[in-house]
Amino acid sequence: MRQLDTALGLGAVRGPLGRIIKIGLYALVVFVFAGPLLALLVSAFGRVTDPTKLSLIPHDLTLDNFRTAVDQGVLRYLANSLIVVGGGLLLQISVSVTAAYALARKSFPGVRLVLFLILSTMMLPEEILAIPLSLVLADVPVVHVNLVGTLAGMIVPVGAWAFAILVMTEFMRDVPIELEEAARLDGAGDLRIFWSVILPVCRPALGVLGIFGFTMIWDQYILPLLVAQDADQFTLALALRSLRADEQVGTGVLIASALLALLPSVVVFLALQRQFMRGLTSGAIKG
Amino acid sequence: MTATLAAPPARTQAARRGRRRRHLGAWLWLAPALLLFALFKFVPMARAISMSFHEVRPYLGDRWVGLDNYRAVLGDDAFRAAAGHTIVLALGETIGSIVVGLALALLLEGTARHLWFVRTAVFLPTVTAMAVVAALWRIIYHPAPDGALNSVLGWIGLGPGQFLDSPHTSLWSVMAVGIWRGAPYDMMIFIAGLAGVDRTLYEAAAADGAGPLRRLWHVAFPAMRPVFGIVVTLAAIRGLRVFTEIYLLTNGGPNGSTEVVMTLVYKLGLERNELGIASAGSMLLLLATVVLTVVAQSLRRRA
C-alpha cells in the first residue's frame, strides 16, 4: 500500500476511471479560477468589439487594442502605477525595517505599548478611514502640505503598514544575539550592525515584505480614488473605470489595459512565490 | 574614565545617562514609522471619532450634536438596508470561501509537481488587483444571451441570467466574485494547516479501518481547528469592509440592491458632504469589526 500523505489520500487513487475523474476535477478548477484570466490574455490580442467576444482560443491576432490603449494614455497610467508601487514599496520597507529593528532588538520603556498601537491598526480597515484620511491628505497636520492631486499622496500613506512591521519584528527577534555582540566587540555602532549584520540575515523576510507590499500597493483602489483629481494622476486601476465608461473606447481596449494591470502582479507573484507562501502561512497562523 | 574615579552616585548617574541615550536611540529608529502611523492612522481615526459626534460645517466650525449622527444613521432605511446587504455578503463570502477553499485544499493537497502547477493557477485571482477582477467580471457577466458566462451556462442547459443587472441576482453575483477571489486564499491557509497534521495518524486511522471521510472528520479537522478560527476571522473582516468590488461592479445598484455600508458611507461623505453622518456609519462598522475580531480571538484561545 502507498503511504498516506494527504487527508483524502487522493495520490493513491489508481485505475483509469479514478485518473480520469481526478484530471477532470483539476481541469475544472483551473478553468474556473484561471480561465477568466487566460481569457483576458487571449482576448487582449483579439479583435474584440463588444463584451460578448471574450474568448479562450486565440484567432486573428492583432496589437490594435494596445495601440488604441496607448493613444488613450495608458502608458501614462502604467507609469503612474509603477511610480506609486516603487515609491510606496521603498518607503514601506525602509520604515518597517527600521521600526522592527527597534522593536525586536532594543528594550526600552514603552516598547510593548508601541507594538500594541501598531498592531491595533491591523483591525482598522483602510476603507473605514477613507473620509478622514482624505481630509488629512488635503492638509497634512504639522507640515500643512496638500497631497491631494499628487502621486505622493498615494505613496506616503502606504508606508504605515502594521503587517510588514509584524513580519519583520518576528523575524529579527530570531537573529542570534551573538552575531550582534560579536560585531559590537569589533566596535560597530547601531547603524553598522543594522546594515551589515541584521539586514543580510533578514533577506528571506525582505522577500516576504517585497511580494506582500507589492500586491497590497498594486491592489490599492480607495486611496488613489481619494487622491487623484484628474486623469494625469490616474493609476491603471483607476483608469480601468474611466475607460469602461467611455463609449468611444471598445471592450478590446479595456481588456488590453486590464491585462497591463494584471501582468506585473502575476509576474512578481510567480517570481517570489515561495516567499509569498511563507508570509501567508506565518502571518496568518500567528494572527 | 570619570566614572571610575567618581563616587557611586555619579556612577549610577552616568549609567542612567547611558541608558537614556540608548532609549533615545530606539525612539529614533522608530520615529519614521511612528510619524506615518500618527499622520495616516491615528489622526484620521481621531478625526473620524470626533466628526461622528459633530455636525461638520466647513468654515463655520463644527457643532457638537452628541449622538444625533448615530441616531440619524441607525434610523435611516438606506443604512439599515446597506447593513443587511453587508452582513449577507460577509456571511455568504465567508462561508462560500471556506467551503470552496477547503474542497480545493483537499483536492490539491500534496507534493506532486502537477498539483503545484494547478495550485498556482488556482491562486492567481487572489493576487490580481480588485480593479482588474471587477473589469473582467463585468465582461463575463455581460447579460446578453451570448455573453461569456451565459454561453458557459448554455452548455449545461442553464441561463441566460441577468447577473449584475437584476436586483434579484446582483448581490449573489457580487458574492460569487468575492468567493472566486477569496477561496484560493483560504485554500492556501488550509493546505498549510493540513501539512501540519501528523501523517502517522492517517496511517493509524487507515489501519483501524477508517475511510477517507472519517479520517477527515476525526483526524484532519480536529488538528486544523485553529486554522479554521483564523480563516473565519480573516474572511469575515474582509467581508465587512467590502467597498472596491461593489463600487466597481455595481456601485450599489441596480435599485440599491447591492448597496453596502462602505459604499453608502462613501456617497454620504464625499458626494453629499454629510461628513458627520458618514463618520458615524464608519464607526459602527469599525465597532462591528472590532467586536468580531475580539470574539474570534477569545474563541480561538478557548479552543
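The values are calculated or read from the model by the stated rules, or taken from the named source; none is laboratory data. The model shown is predicted, which means the values in this text are computed figures rather than measured ones. Virtual Cβ from ideal backbone geometry, glycine too; neighbours counted across all protein chains shown.
Residue count for segment A:106-116 under the criterion of being in a helix (DSSP H, G or I) and more than 8 Å from chain B (Cβ to nearest Cβ): the result is 4. Report every pair of residues separated by at least 6 positions or lying on different chains whose Cβ atoms are under 6 Å apart, first residue within segment B:50-61 and touching a residue at least 40 places away in the same chain (Cβ under 8 Å), second of a type in the set (S, T, N, Q). Taking only residues 6 or more apart or on different chains, the pairs are B:M51/B:S279; B:S52/B:N69; B:S52/B:S279. Every listed requirement among (1) within 10 Å of chain A (Cβ to nearest Cβ); (2) crowded, with 24+ Cβ neighbours inside 10 Å is met by B:G211 save one, (2). For segment B:1-51, the set of residues classified as of a type in the set (D, E, K, R) and modelled with pLDDT under 75 consists of B:R11 only. Output the residue which, of all residues in segment B:211-255 that are polar (S, T, N, Q) and modelled with pLDDT of 85 or more, is farthest from A:T6 (Cα to Cα). For segment B:211-255, the residue satisfying everything is B:N255.
Within the option set B:H114, B:H85, being loosely packed, with under 15 Cβ neighbours inside 10 Å and either of a type outside the set (A, V, I, L, M) or under 26 Å from B:T263 (Cβ atoms) (or both) holds for one residue only, B:H114. Mind counting the residues in segment B:14-33 that are more than 10 Å from chain A (Cβ to nearest Cβ) and either within 19 Å of A:A99 (Cα to Cα) or touching a strand residue (DSSP E or B) at 6+ places or on another chain (Cβ under 8 Å) (or both)? Within segment B:14-33, residues that are more than 10 Å from chain A (Cβ to nearest Cβ) and either within 19 Å of A:A99 (Cα to Cα) or touching a strand residue (DSSP E or B) at 6+ places or on another chain (Cβ under 8 Å) (or both) number 1. Considered as a group, the residues in segment B:289-303 that are small (G, A, S) and assigned to a helix (DSSP H, G or I) include one that is surrounded by the fewest Cβ atoms within 10 Å (Cβ to Cβ), and that residue is B:S298.
In this structure, B:V177 does not qualify as in the same structural domain as B:L89 (by TED's automatic domain parsing), touching a residue at least 24 places away in the same chain (Cβ under 8 Å), surrounded by 15 or more Cβ atoms within 10 Å (Cβ to Cβ) and not in a helix (DSSP H, G or I).
Matching residues to (1) touching a Gly at 6+ places or on another chain (Cβ under 7 Å); (2) more than 9 Å from every other protein chain (Cβ to nearest Cβ):
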{"site": "B:R138", "(1), (2)": "no, no"}
{"site": "B:G147", "(1), (2)": "no, no"}
{"site": "B:Q162", "(1), (2)": "no, yes"}
{"site": "B:T169", "(1), (2)": "yes, yes"}
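For segment B:237-254, a residue qualifies if it is part of a helix (DSSP H, G or I) and surrounded by fewer than 19 Cβ atoms within 10 Å (Cβ to Cβ), and exactly one does: B:R238. In this structure, A:I198 qualifies as touching a residue at least 60 places away in the same chain (Cβ under 8 Å), over 20 Å from B:V132 (Cβ atoms) and touching a helix residue (DSSP H, G or I) at 6+ places or on another chain (Cβ under 7 Å).
Residue-by-condition table, conditions (1) assigned by TED's automatic domain parsing to the domain that holds B:D76; (2) over 21 Å from A:L225 (Cα atoms); (3) in a helix (DSSP H, G or I); (4) over 22 Å from the mean Cα position of the chain (by Cα):
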site	(1), (2), (3), (4)
B:G256	yes, yes, no, yes
B:E259	yes, no, no, no
B:L264	yes, no, yes, no
B:G276	yes, no, yes, yes
B:L284	yes, yes, yes, no
B:L287	yes, yes, yes, no
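Taking the criterion of being more than 19 Å from the chain's Cα centre (by Cα) and more than 8 Å from chain B (Cβ to nearest Cβ), the residues of segment A:117-141 that qualify are A:L119, A:S120, A:L137, A:A138, A:D139.
To keep it simple, each residue is scored yes or no on (1) within 13 Å of chain B (Cβ to nearest Cβ); (2) over 18 Å from the mean Cα position of the chain (by Cα).
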| residue | (1), (2) |
| --- | --- |
| A:I165 | yes, no |
| A:A183 | no, yes |
| A:D190 | yes, yes |
| A:V201 | no, yes |
| A:I222 | yes, no |
| A:D230 | no, yes |
| A:Q248 | no, yes |
| A:I255 | yes, yes |
| A:A258 | yes, no |
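For the subset of segment B:100-109 comprising residues that are among the hydrophobic types (A, V, I, L, M, F, W, C), touching a residue at least 40 places away in the same chain (Cβ under 8 Å) and more than 7 Å from chain A (Cβ to nearest Cβ), which member is nearest to A:A12 (Cα to Cα)? The qualifying residue nearest to A:A12 (Cα to Cα) is B:L108. Flag: A:A164 matches the condition of being in a helix (DSSP H, G or I), modelled with pLDDT of 90 or more and surrounded by 24 or more Cβ atoms within 10 Å (Cβ to Cβ). Taking every residue in segment B:110-132 that is more than 7 Å from chain A (Cβ to nearest Cβ) and pairing it with any residue that is buried (at least 22 other Cβ atoms within 10 Å of the Cβ) and among the aliphatic types (A, V, I, L, M), at least 6 positions away or on another chain, the pairs with Cβ-Cβ distances below 6 Å are B:L115/B:L108; B:R119/B:L108. The one condition from (1) surrounded by fewer than 21 Cβ atoms within 10 Å (Cβ to Cβ); (2) in the same structural domain as B:R199 (by TED's automatic domain parsing) that B:F79 does not meet is (1).
Look at (1) away from chain B (no Cβ under 11 Å); (2) crowded, with 17+ Cβ neighbours inside 10 Å; (3) of a type outside the set (F, W, Y); (4) under 30 Å from B:R20 (Cβ atoms) and you find that A:L151 fails only one, number (4). So, B:D62, is that one surrounded by fewer than 23 Cβ atoms within 10 Å (Cβ to Cβ), more than 14 Å from every other protein chain (Cβ to nearest Cβ) and not aromatic (F, W, Y) or not? No; evaluated as a whole, the condition is false for this residue.
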